[in-house]
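The values are calculated or read from the model by the stated rules, or taken from the named source; none is laboratory data. Model, not experiment: these values are computed from the prediction. All Cβ positions, even for glycine, are placed from backbone atoms using ideal geometry, and neighbour counts span all protein chains on display. All accessible areas refer to the heavy atoms of the entire protein, side chains included, with ligands and DNA or RNA removed. Shrake-Rupley method; radii C 1.70, N 1.55, O 1.52, S 1.80 Å.
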Amino acid sequence: MSAVLVVAEVIRPLRWRVLRPDQPFAEAVYPGDDAPDTFHVAVRSGGDVLACASFHREPAPDGREGWRLRGMASATPGRGYGSTALTFGLAEVQRRGGRLVWCNARLPAVPFYQRHGFTVTSAEFEIPPIGRHVVMERVLP
Ligand SMILES: CC(C)(COP(=O)(O)OP(=O)(O)OC[C@H]1O[C@@H](n2cnc3c(N)ncnc32)[C@H](O)[C@@H]1OP(=O)(O)O)[C@@H](O)C(=O)NCCC(=O)NCCS
């Protein structure tokens with residue numbers, strides 16, 4: 001198992017299956033996917049994509065410069081795949097000179113992000129049709 005940078009097409013099938021299974025495949029194409037600063041992380045084993053995460057430059061909701069994490073998904077939860085993708089992505093943001101990483105976190109994923117040093121910075125809000133979210137952020141050293 002290894003984490004690598006890939007083009008968006010590689011991670012969209014997993015993104016769709018895990019995050020948008022009840023929506024058309026087009027919903028797995030996110031705005032900014034192909035922007036020059038965007039990068040996509042895949043955790044791979046052989047030809048399989050085990051986890052994915054995408055990062056693009058977007059200010060935090062309060063306007064601070066930052067990197068937004070989107071499309072965090074694992075093919076098989078609880079085996080460390082998601083952690084491998086996220087850890088690799090955070091290191092890549094750091095390598096690119098970024099310090100603030102933020103995301104709209106689904107409530108069930110909050111403990112996962114907390115374990116990776118993220119803190120909740122907003123009240124709960126709804127993103128239809130997905131559900132309740134909070135904003136979380138991590139300031140990198
Ligand atoms: C959130 C998500 C991406 C985490 O990915 P994951 O592959 O399950 O992540 P990990 O396996 O690294 O960690 C998950 C749990 O497994 C445990 N774990 C970590 N490594 C492990 C290992 N090698 N063996 C067994 N368990 C392990 C951890 O204790 C962790 O617990 P936590 O959730 O309380 O932090 C995944 O659960 C997922 O795809 N969820 C559905 C989509 C989703 O909600 N995405 C986030 C949108 S904001």
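Observations on the structure shown:
- Taking (1) within 24 Å of L140 (Cβ to Cβ); (2) touching a Leu at 6+ places or on another chain (Cβ under 9 Å) in turn, R44 satisfies each apart from (1).
- Residues of the range 102-113 that are near the ligand (Cβ under 8 Å from one of its atoms) and open to solvent by 20 Å² or more (accessible area, probe 1.4 Å): N104, R106, P108, A109, P111, F112.
- Condition check for V4: surrounded by fewer than 16 Cβ atoms within 10 Å (Cβ to Cβ) and of a type in the set (A, V, I, L, M): yes
- Odd one out for L14, checked against (1) under 15 Å from the mean Cα position of the chain (by Cα); (2) closer than 18 Å to M136 by Cβ: (2)
- Flag for E124 being closer than 27 Å to D34 by Cβ and touching a residue at least 12 places away in the same chain (Cβ under 8 Å): no
- Scanning the range 12-54 for residues that are part of a helix (DSSP H, G or I) and within 12 Å of the ligand (Cβ to nearest atom) yields a total of 6.
- Selection within the range 59-101: residues that are closer than 18 Å to Q114 by Cβ, within 15 Å of the ligand (Cβ to nearest atom) and over 13 Å from the mean Cα position of the chain (by Cα). The member of this set that is least open to solvent (accessible area, probe 1.4 Å) is G80.
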